[in-house]
Amino acid sequence: MINIEIDGKLVETAKGSTIMDAAHKADVYIPHFCYHKKLSIAANCRMCLVEVEKAPKPLPACATPAAEGMKVHTHSDMAVKAQKGIMEFLLINHPLDCPICDQGGECQLQDLAVGYGGGASRYNEEKRVIHPKEIGELISTHEMSRCIQCTRCVRFGQEIAGIMELGMANRSEHAEIMSFVNSSVDSELSGNMIDLCPVGALTSKPFRYKARSWELSRRKSVSSHDGLGSNLAVHVKDNKVVRVVPVENDAINECWISDKDRFSYEALNSAERLTRPMIKQGGNWIEVEWVAALEYVANGLRQITQSAGAENIAALATPHATFEELYLLQKLMRGIGSGNVDFRLRQSDFSADGKQSGTPWLGMPVSEINGCDRFLIAGSFLRKDHPLLAQRIRQAVKHGAQVSIVHSAADDLLMPVANQAIVTPAELVSTLAQVLKALASTKQVKLSDEIQALLVSLTVSDAAAKIAASLAGGKQVAVLLGNFAQQHPQAVQIASFAEQIAQLCGAKFGFLGEAANSVGGYLAEAVPFAGSVHGMNAAEVLENPRKAYLLLNVEPELDMHNPQLAMKAMKDADMVVCMSAFKHQGLEYADVMLPIAPFTETSGTFINTAGIAQSFKGAVKPLAEARPAWKVLRVLGNLLNVTGFDYDSSEAVRDEALKGITISDKLGNLTSGVKFEVVTSSPAALQRVTDVPIYFSDALVRRADSLQKTNDSAVPCVKLNNSELQKLGLQAGDAIKVTQGNASAQLTVQADEGVPAGAVRIAAGHPATALLGAMFGTITVERA
Amino acid sequence: MLSTHIQDQINRELKKYPLDQKQSAVMSALRFVQDEKGWISTEDMSEIASYLGMPQMAVYEVATFYHMYNLKPMGKSTLTVCTNLSCTLCGAEDTVAYLTAKLGIGFGEVTADGKYGMREGECMGACKDAPLMTINNKRLCGKLTPEKIDQILAELDKS
Ligand code: SF4
Ligand code: FES
Ligand code: FES
């Protein structure tokens, strides 16, 4: 620690820290533009000049290391003169167009110009003009003339997003921020550059000219998308959400959010919103009052319970639903006597149900990721499924961590990957078993006889050996399973072997939560093996079709593991009740559509992948007749005479559900009583590898217009590696027919060397592939 | 695709740098492309980027920062006329006027037959030979007079 003095205040600051860091500690504000605490130091704007005693000229606070005994003045004549001079230079080329600038009112340059700028400009010559360039649907660079060349956006790309999509082309007066010749900015974190830009050079395309910052009310909220639970500020004008920006929370999202978190709000105002309860009568949809709709539902459920038994009713909920909604849904179901309730829609292996030591979770606090030095990440489309967790791992790698991947696709993670084993889905388990074998021999540990017997005949591949060696060398290791691993038909085997590997290297072992309430759903007991009444899981209720389905924001053809099976079950059912924020395919098979408020229109709680419960209030009033699902379920509970359904707030629901519960005690990733199995033979036919592309993953994002126009939202192609293409006599660009079960889809074929031989990658979550079957298994590919 | 010749040259260049610092060779790589093709296209930059394992944008930054890289075709012979102080004092303007009259092109333009392009250059550090120009950044021609320019162009016409 060293002691320095800033404006007369004594501060202690860490060795190697800068004057800027010390000033933060001393609560002294030093004006700055290019400095950002999460980015490297560029020291190119010079706004932070301060006077340091004994230094002959002003020094940049952001780049000057603090030294023992230093005396810094941020408001002395010398400092102020320097700061004013810099401001005058910055304003030379900056257009004075604040009245029509989207950043006006929340612009750092505008604010600082008030403090340090002159009343009038001495510069009468021509200003520099930059011609606008297109960089995609999310960020506008239309007023790049406003850029002050702080390079924050460039450094963000290089350091945080992992891909340098913006850069500074040309030189001196002609220097300008742009992307590589007409290319778009595709990073899934790109929106953060809008926040970082201290001026109005990078602005949000969807938000442009929608509101002035001082017209907005800001409501805190939590992202309903991936399992991280990013903290959000929802900006509202006239009871309409017009923008979403991050709220800093270092333990969760730091100061970033993904583009999915940021731009999905567009769906809230989409024309597809379901605004009134509807009942299908004689094949036609008619709008009805809530009372009528709910009574219709209650009657229907009562009739089926009486005629066929409550076990003929099943409820499926999206894992993006709030904790309270999930809790009430299962309470309602159990109240009428059915345990058929599940939220794990894309899961297919339920053999660990009831055998887990607790709720599967990340296995560690989110921020611990940054400190790990070895990672084994199995079955994860990491970057697209968990953009910000990937970002944390990227930071760890920058500090020397090694990442090993076991997966069925070699997507670019935008970070150096030390080792990877890219194998077909059928080989995932055996690959992990090989890693375990190699690790056991390196560590000279004897495994249990059961496992030992399985491993004897296994040959360890090169890749597996390298992964084991990397893990063995770690001090703080993390073994993480992604969505793909959890959706896999042998998910439990994958988890069991991964857990063994983690044990051998003293690693943290965790599951990357797919959705906002992947952990919350278990804690709410929205699973068939919890609570007082047990029942069938999400797969069983489709395999053994039920008479009635209650869908809470589920679009079966897009959200389920096997859309084909799901749609058949829906179409054959006597009654399907869709609680949904949107009009969707349900119009074809449902009997009742109940308009449900999305997360911005209701209060609720998301419990993130690390087990942190975050409650939020509604940011706006529900649209038209839409109502929060917890209220709808409350009324249904009352109509069906289920006891204990008189809550007066969602907080009361939450408090009841979490009564006497410490969440951390409920988390646990160990499975006991599972018989280990390794299958080494692979099917002869092509195996399907399914990803759920980032902007197809839930009902909201699928309707967010701008995100739907990005490259990540392209219609899914069939991806095969070149050798498979040759075998099939196909060429990239060919139209082909893929068949799974009793349906096929016409798609275009694309070459992708990242797909292992024997596999074919086809995305789910999109209408083009919604007729196909399970996310895993064999699939036929032929020329159309 | 980068020609095998260019790849060979880059590979030789790469030996000068640590294995994880391949991007150090970017300036040379751009030069090799320009030497062979006369200019550097967008595809060339992309290919250099993937060859050196660096972002395309980073290649583009370098290519646009330095004046001597031609990012569009600049004729078989690119004449870069220095217009900085010493050359201007010694008659750079006359050189430019003469070239323009003779070839019918101004700065940044190429003759219709694609033989010549003219660019404006900065001080080449050879002011003692002012006024001067370079040919394809390689050959320096100083103490220019109309006669000398005629002679140089006649030579280039033949080659
Ligand atoms: S565009 Fe904005 S963030 Fe990027 S360099 Fe210019 S001012 Fe800085
Ligand atoms: S903030 Fe220090 S130079 Fe920009
Ligand atoms: S000014 Fe032309 S070479 Fe120096």
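Worth pointing out:
- Each residue in the stretch A:150-163 was checked for being part of a loop (DSSP other than H, G, I, E, B) and in contact with a strand residue (DSSP E or B) (Cβ under 7 Å, 6 or more places away or on another chain), and 1 pass.
- Subset of the stretch B:103-117 (residues that are surrounded by 14 or more Cβ atoms within 10 Å (Cβ to Cβ) and within 16 Å of B:ASP157 (Cβ to Cβ)): B:LEU103, B:ILE105, B:VAL110, B:THR111, B:LYS115, B:TYR116, B:GLY117
- Among the residues of the stretch A:23-53, just one is in contact with an Asp or Glu (Cβ under 7 Å, 6 or more places away or on another chain) and either acidic (Asp, Glu) or more than 15 Å from ligand 1 (Cβ to nearest atom) (or both), namely A:VAL28.
- Candidates in the stretch B:77-102 are the residues that are surrounded by fewer than 16 Cβ atoms within 10 Å (Cβ to Cβ) and among the hydrophobic types (A, V, I, L, M, F, W, C); of these, the one that is nearest to B:VAL26 (Cα to Cα) is B:LEU85.
- In the stretch B:1-14, the residues that are under 16 Å from B:GLY53 (Cβ atoms) and modelled with pLDDT of 95 or more: B:GLN7, B:ILE10, B:ASN11, B:GLU13, B:LEU14
- Filter result for B:TYR60 (within 14 Å of another protein chain (Cβ to nearest Cβ) and touching a strand residue (DSSP E or B) at 6+ places or on another chain (Cβ under 7 Å)): yes
- Those residues of the stretch A:164-182 which are in a loop (DSSP other than H, G, I, E, B) and in contact (Cβ under 8 Å) with a residue 12 or more places away in the chain, in sequence order: A:GLU165, A:ALA175, A:PHE180, A:ASN182
- Each residue in the stretch A:756-781 was checked for being farther than 14 Å from A:SER682 by Cα and of a type in the set (S, T, N, Q), and 2 of them qualify.
- Residues satisfying the stated conditions in the stretch B:38-49, i.e. away from every other protein chain (no Cβ under 12 Å), closer than 11 Å to B:LEU71 by Cα and either more than 16 Å from the chain's Cα centre (by Cα) or at pLDDT below 95 (or both): B:GLY38
- Residue among A:ALA120, A:ALA161 that alone is out of contact with any helix residue (DSSP H, G or I) (no Cβ under 6 Å at 6 or more places or on another chain) and modelled with pLDDT of 95 or more: A:ALA161
- Against the criterion of being more than 28 Å from the chain's Cα centre (by Cα), without any contact (Cβ under 8 Å) to a residue 40 or more places away in the chain and within 27 Å of A:GLY668 (Cβ to Cβ), A:ASP462 does not qualify.
- Cross-chain or 6+ apart pairs with Cβ under 9 Å, the stretch A:273-286 first and at positive phi, then surrounded by fewer than 18 Cβ atoms within 10 Å (Cβ to Cβ) and in a strand (DSSP E or B): none
- Matching residues in the stretch A:38-89 - criterion: being of a type in the set (A, V, I, L, M), farther than 26 Å from A:CYS255 by Cα, out of contact with any strand residue (DSSP E or B) (no Cβ under 8 Å at 6 or more places or on another chain) and within 14 Å of ligand 2 (Cβ to nearest atom): A:MET87
- Checking A:GLU68 against (1) more than 16 Å from ligand 1 (Cβ to nearest atom); (2) within 36 Å of the chain's Cα centre (by Cα); (3) farther than 24 Å from A:GLY85 by Cα, the condition it does not meet: (2)
Matching residues to (1) part of a helix (DSSP H, G or I); (2) away from ligand 2 (no atom under 16 Å from the Cβ); (3) within 14 Å of chain B (Cβ to nearest Cβ); (4) surrounded by fewer than 24 Cβ atoms within 10 Å (Cβ to Cβ):
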position: A:SER145; (1), (2), (3), (4): yes, yes, no, yes
position: A:SER184; (1), (2), (3), (4): no, yes, yes, yes
position: A:ARG208; (1), (2), (3), (4): no, yes, no, yes
position: A:ARG219; (1), (2), (3), (4): no, yes, no, yes
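- Test for A:GLY673: is it more than 22 Å from A:MET364 (Cβ to Cβ) and not aliphatic (A, V, I, L, M): yes
- Residue within the stretch A:265-284 that is among the acidic types (Asp, Glu) and within 30 Å of A:LEU382 (Cβ to Cβ) present: yes
- Of residues in the stretch A:416-429 being surrounded by fewer than 19 Cβ atoms within 10 Å (Cβ to Cβ) and aliphatic (A, V, I, L, M), the one nearest to the chain's Cα centre (by Cα): A:VAL417
- The one condition from (1) more than 14 Å from chain B (Cβ to nearest Cβ); (2) crowded, with 20+ Cβ neighbours inside 10 Å that A:SER190 does not meet is (1).
- Listed by position, the helices (runs of 4 or more DSSP H) inside the stretch B:1-55 whose residues that are under 14 Å from B:PRO73 (Cα atoms) number at least 2 are B:26-37, B:42-52.
- Screening the stretch A:147-168 for residues that are of a type in the set (A, V, I, L, M, F, W, C) and within 12 Å of ligand 1 (Cβ to nearest atom) and picking the one that is farthest from the other protein chains (Cβ to nearest Cβ) gives A:ILE148.
- Any hit, the stretch A:633-641, residues being free of Cβ contacts under 8 Å to residues at least 12 places away in the same chain and either closer than 30 Å to A:ASP186 by Cβ or part of a helix (DSSP H, G or I) (or both): yes
- Among the residues examined, B:MET74 qualifies as in contact (Cβ under 8 Å) with a residue 12 or more places away in the chain, out of contact with any helix residue (DSSP H, G or I) (no Cβ under 6 Å at 6 or more places or on another chain), surrounded by 19 or more Cβ atoms within 10 Å (Cβ to Cβ) and more than 14 Å from every other protein chain (Cβ to nearest Cβ).
- A:ASP712 being at pLDDT 95 or above, crowded, with 22+ Cβ neighbours inside 10 Å and under 30 Å from A:ARG243 (Cα atoms): no
- The condition of being within 14 Å of chain B (Cβ to nearest Cβ), away from ligand 3 (no atom under 16 Å from the Cβ) and not hydroxyl-bearing (Ser, Thr, Tyr) does not hold for A:GLN110.
The values are calculated or read from the model by the stated rules, or taken from the named source; none is laboratory data. Fair warning: this is a prediction, and the values are worked out from it, not measured in the lab. Backbone-built Cβ (ideal geometry, glycine too); neighbour counts: all protein chains shown.
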